[in-house]
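Take a look at the structure set out below.
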Amino acid sequence: AQSVTQLGSHVSVSEGALVLLRCNYSSSVPPYLFWYVQYPNQGLQLLLKYTSAATLVKGINGFEAEFKKSETSFHLTKPSAHMSDAAEYFCAVIPRGGNNRLAFGKGNQVVVIP
Amino acid sequence: DAGVTQSPTHLIKTRGQHVTLRCSPISGHKSVSWYQQVLGQGPQFIFQYYEKEERGRGNFPDRFSARQFPNYSSELNVNALLLGDSALYLCASSLSGGGDTQYFGPGTRLTVL
């Protein structure tokens, strides 16, 4: 079964600093890859999705992620953190040619320090 | 356009009771999936329905069931509630299946006392 690893449940970043959240997947065939954000007491909002068109994927709110097959990674970055970026971030995968069930990582709770 | 809607927003039940959660997908979307999110964890897949047929089931007991209606809305039913069923239940819709982006509703917060 597909699995997703997100290290470091809590991530603290200073306002204006780089945000880097790491995601690694476990499969020999690269899956569909997603990053979702969840604000307190809300559902999940799609930040970006990797299909196969480009390895650097740009999303909403200034976020982007780079797919690296050799590292089985899909790390999420934002050059300059804003206070509004405080939320929980989930990496998720769907295997290609299979069902449509998302498998999520455990999430990263991002705290932005003023 | 309206997004995915879920009802109710919050629900409090006692152990042993039954609960029904409802979801309306984005217009034009034919697939609905259900996820359970326990506090502090990532969502876990429960069911997927496409064109009113079950297309996938996660590792949940038979107390959990679901169905999809001709208008593509969906219900999730949980019988004989346990304390451990307390969670945020998320519904997601997509155009079809096979890697389509899933759009999530705000969720239903279920508390079992």
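Work out the length of the dipole vector of chain A about its Cα centre, built from +1 on the beta-carbon of each Lys and Arg and -1 on the beta-carbon of each Asp and Glu, and round it to the nearest 20 debye.
Value, rounded to 20: 380 debye.
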May I ask you to order B:27-34, A:25-32 by the average number of other C-beta atoms within 10 Å around their residues, highest value first?
B:27-34, A:25-32
Using only the alpha-carbon atoms, what does segment A:37-114 span along each of its principal axes? Please give whole angstrom values in decreasing order.
43, 26, 19
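If you count only protein heavy atoms with a 1.4 Å probe, what accessible area per residue comes out for chain B, rounded to a whole Å²?
Here the residues of chain B average 47 Å² of exposed surface.
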Exercise: per-residue mean of other protein chain Cβ atoms within 10 Å, A:90-96
3
Alpha carbon centroid spacing (whole Å) that separates segment A:3-20 from segment B:1-74
30 Å
How big is D, in µm² s⁻¹, for the protein assembly as shown by Stokes-Einstein at 25 °C and 0.890 mPa s if Rh is the Kirkwood radius over C-alpha pairs?
136 µm²/s
Quotient of C-alpha Rg and 2.2 N^0.38 Å, computed over chain B
0.99
Leaving ligands, DNA and RNA out of it, work out the accessible area of A:Leu47 with a 1.4 Å probe and give it in Å² to the nearest 10.
10 Å²
Taking only the Cα positions of segment A:10-77, the convex hull volume per residue in Å³ is 113 Å³
Average other protein chain Cβ within 10 Å of Cβ, residues B:102-108
5
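The values are calculated or read from the model by the stated rules, or taken from the named source; none is laboratory data. Note that the structure is predicted; figures quoted are calculated from it, not measured. Ideal geometry is used to build each Cβ from the backbone, glycine not excepted, and the neighbour counts take in all protein chains shown. Surface areas here come from the heavy atoms of the whole protein model, side chains and all, with no ligands, DNA or RNA. Shrake-Rupley method; radii C 1.70, N 1.55, O 1.52, S 1.80 Å.
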